[in-house]
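The values are calculated or read from the model by the stated rules, or taken from the named source; none is laboratory data. Since we're looking at a predicted model, the values are computed, not measured. Don't worry about glycine lacking a Cβ; one is built from the backbone with ideal geometry, like all the others, and counts go over all protein chains shown. Remember, those area values only see protein heavy atoms, side chains included, never the ligands or the DNA or RNA. Shrake-Rupley method; radii C 1.70, N 1.55, O 1.52, S 1.80 Å.
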Amino acid sequence: MGNIFRWFVPRSGKAARQRSFLGICSFLLPLLVWCLVSYVPFIWHPKILVVDPGGVDYFQVGMLVDKSVFRDELANMQLQHLGVPHGEPANPIYLPAPHQVAKAFYTAFTTEPEQKDGPWLHESLWHSVKIIFWGFVISSLFGVPLGILSGTYSIFGRLSEPFIEFFRYLPAPAFGALAVAVLGIYDGPKIAIIVIGTFFQQVLIVANTTRKLDTTILEAALTLGTRRISLLTRVVVPAILPDLYRDQRILLGWAWTYLIVAELIGTSTGITWFITQQARYQHFDNVYAAIMMIGILGFGTDLLLAKLGRRLFPWDRSLDRT
Amino acid sequence: MNIESTLPGYLEQSDAVRARFDRIRQREIILEVRNLGKHYSSAQGDVEALRDINFKVHRREFICVLGPSGCGKSTLVRTLAGLEKHSSGKVLLDGKPVLGPGQDRGMVFQGYSLFPWLTVKKNVMFGPEMNGRDHDEAERDARLWLDLVGLDKFADAYPHQLSGGMRQRVAIARALVNQPRILLMDEPFGALDAMTRAKMQTHLLDIWRNIDITVLFITHDLDEAIFLADRILVLKAHPGEVQEVIEVPVPRPRSAASLSSPEFRATKARLEELIHPAAAQESEEDQVVKPHMIRFTNVTDNVE
């Protein structure tokens, strides 16, 4: 008992082994729930998979019917002394079992596109990554400098932030039609949606991070003879860099959430196109696999960036606390 | 009381001390503060932080500014550094008015103001580089000053790897490498433990003895002020005004033994009179904060 309670001590910064163990558990727990729902017949399973239609004329092998329908038909057949149907409990088509989705991770890449010149999955994924990349780069190109300026000089902040504060409440997808009208139906409007979705948050977050910079640092720099632009380039920027990097990681995740909406605008492309296509053909295992691939790509990038950050900013103390 | 009667007056100076003060007065004036005043408006209305401050600092003099919290001593030093604007009066450095921060006035802050992203050496090199010195020259100077504060071994460490006392040594080196006319120190040892603080005080006196630097040192610690200063500027609060300027009669060189010398005790007695007046009127905090002591332990369970 005592051992178990020790785990609940808040922020006890226990050994790294325990941390990674819990980290893996946080993934295993949902997976366990999914397995239970999929493989244990008496949990949920609202459908019956017909194995032998018996005397029911509209039943076919492999057909999914509601439990109540099956029960009625079974009673019906017994009453009429016809062949009774056989079936086994099953989940609806939209909830494939873990092993099916796991297999789809491979087969989704190897199945030919349904349409002749349609893109393969890896092409779709690559297209999505490019959209995210350009959207985020363009947003950062303007958002980060503006954020730093707004955070450093109050005149910039007061001039830009009220409007940005207002604009960030306008949902980015609302600009979809407009973006298509201006930028055409291909990648332009998609990138624009990601830029609109990211940029305004970015300015505010970066400005806030810059504002949190300890004034003593700035004052010390001033008394050492730092002037104007070097205050910005030699003090403000390096001082906030680790926090800025963290902000950018969070914002990149944000950009991913806009991806699906963005890709629906104009001609549907990328991973979204793949998902909608597969859903149309009821290949839900592929749908789940594709959704998870987005998660893996996003989360994987973030983990990589976090590792890289530790390399880049060896002096950053806040990393030790997490 | 009978102890105090045996003490010499704090105004009595031995011949050596008097001669020393005469010599100091003959040196040129580095910093002159004339009728300095500062107002600012706050939620409680117009606040007069400083009123009619006048003093002169001679070259290689060590001045301490002492006062209770809220007396405006930090405002004063920040104004001298050019980090805050004053409302009236003048601050003259070498006869020229101070208009903003500059490398002719070095500053050491109470908090750790080192740049966390730079190594110790790069921190010290920062000033010279900002002032247009080339990299090699700046590095040579940084090495020299780090050696002087005893941290040449830590040149490549980051500030967070150093103890509080070491960080303040770096801060001193970083301020001095610019060769300022005056070193302004805003309670630089306030965050250090007693042992480290005592070491740093001795170290600061060593530095001051060996290089051409004038020091203006802010503190609220009476012992620290007496131990370090040639003259102590005693401020009083609301508004911040100069109450008295005391020439410290404790002879130099000073050591730990100076702390128990009669001159030291006489000066301290005087400072206590000034800062904690006998009929101690309650401070604002005392008026608001009134602990109501409740007995939480058994009546027989006594610790005293």
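Eigenvalues of the alpha-carbon gyration tensor of the range B:1-67, scaled by 5 and square-rooted, set the equivalent ellipsoid semi-axes at 33, 22, 8 angstrom, largest first. For chain B, the longest principal axis of the alpha carbon atoms and the long axis of helix B:194-210 meet at an angle near 50°. Relative contact order, whole percent, for the range B:84-156 stands at 24, derived from Cα pairs under 8 Å and 6 or more residues apart.
Values of log10 I(q)/I(0) for the range B:146-278 across q = 0.09, 0.17 Å⁻¹ run -0.30, -0.98, by the Debye formula with one identical scatterer at each alpha carbon and no solvent.
Counting Cβ atoms of other protein chains within 10 Å of each residue's Cβ and taking the mean over peptide B:117-126 gives 3.
Within a straight-line Cα-Cα reach of under 15 Å, B:Lys90 can be paired with the following aspartates and glutamates, leaving aside sequence neighbours fewer than 8 residues apart in one chain: B:Glu32, B:Asp52. Computed over the range A:152-274, relative contact order equals 35 percent, with contacts defined as Cα pairs under 8 Å that lie 6+ residues apart. Quick one: with all protein chains in place, what share of the accessible area of chain A is carbon or sulfur, to the nearest percent (1.4 Å probe)? Carbon with sulfur: 67 percent of the solvent-accessible area.
Could you list log10 I(q)/I(0) for the range B:103-199 at q = 0.16, 0.22, 0.23 Å⁻¹, which the Debye formula gives when each Cα is one point scatterer? So the normalised log intensities are -0.60, -1.13, -1.22. Of all the Cα-Cα pairs you can form in the range A:213-268, what percent are over 16 Å apart? It works out to 59 percent of all Cα pairs.
Return the inverse of the average 1/r over all pairs of distinct C-alpha atoms in the range A:200-318, which is the Kirkwood hydrodynamic radius, in Å to one decimal.
On the way: mean 1/r = 0.0574 Å⁻¹.
About 17.4 Å for the range A:200-318.
For the pair B:Leu144 and A:Ser230, label points projected 7 Å from Cα toward Cβ lie 1.9 nm apart.
Given springs between every Cα pair under 10 Å in a Gaussian network model of chain A, which of A:Val56, A:Val206, A:Val237 has the largest fluctuation? The residue that fluctuates most here is A:Val56.
Stokes-Einstein diffusion of chain B at 20 °C, 1.002 mPa s viscosity, Kirkwood radius from Cα pairs, rounded to a whole number: 102 µm²/s. Think of chain B as having a plus end and a minus end, set by charges on the Cβ of Lys, Arg, Asp and Glu; of B:Leu66, B:Gly9, B:Gly132, B:Gly132 sits farthest toward the positive end of this dipole. Across the options A:Trp254, A:Gln277, A:Thr226, the greatest Cα extent toward the positive end of the charge dipole of the range A:207-284 (unit charges at beta carbon of Lys, Arg, Asp, Glu) belongs to A:Thr226. Ratio of Rg to Rh for the protein assembly as shown: 1.17 [Cα atoms; Kirkwood radius as inverse mean 1/r over pairs]. Taken about its Cα centre, chain B carries a charge dipole of about 740 debye when Lys and Arg each add +1 at the Cβ and Asp and Glu each add -1 at the Cβ.
Beta bridges from DSSP with both residues in the range B:161-304: antiparallel share about 55 percent, rounded to the nearest 5. For chain A, the normalised intensity computed at q = 0.09, 0.12, 0.13 Å⁻¹ comes to -0.71, -1.03, -1.11 (log10 of I(q)/I(0), Debye sum over alpha carbons, equal scatterers, no solvent). Normalised by 2.2 N^0.38 Å, where N is the number of residues, the alpha-carbon radius of gyration of the range B:54-126 equals 1.29. GNM remark for chain A: springs join alpha carbons under 10 Å apart, and the peak mean-square fluctuation among A:Ser139, A:Ser38, A:Ser154 falls on A:Ser154. Against the main long axis of the alpha-carbon atoms of chain B, helix B:135-148 sits at an angle near 40°.
Determine the percent antiparallel among the DSSP beta bridges restricted to the protein assembly as shown, to the nearest 5. Display every interim value, and only then the final one.
Working: 31 of 50 bridges.
Expressed as a percentage, antiparallel bridges in the protein assembly as shown total about 60.
Note on chain A: GNM, Cα springs under 10 Å; of A:Gly118, A:Gly54, A:Gly157, the largest mean-square fluctuation is that of A:Gly54.
Ligands, DNA and RNA left out, the accessible area of chain B computed with a 1.4 Å probe is 51% carbon and sulfur. Charges were assigned to the Cβ only: +1 to each Lys and Arg, -1 to each Asp and Glu. The resulting dipole of the range B:139-286 about its Cα centre is roughly 740 debye.
Here is the list for the range A:109-152: chymotrypsin sites (Phe, Trp or Tyr not before Pro) lying in DSSP coil, each with at most 15 other C-beta atoms within 10 angstrom of its C-beta, are A:Trp120.
With protein chains left intact and a 1.4 Å probe, residues in the protein assembly as shown average 55 Å² of accessible area per residue. Measuring nothing but how far apart in sequence close Cα pairs (under 8 Å, 6+ apart) lie, relative to its length, chain B scores a relative contact order of 24 percent. Expressed as an acute angle from 0 to 90° and rounded to the nearest 10, what is the orientation of the C-alpha long axis of helix A:237-264 relative to the principal long axis of chain A? Tilt of helix A:237-264: around 30 degrees.
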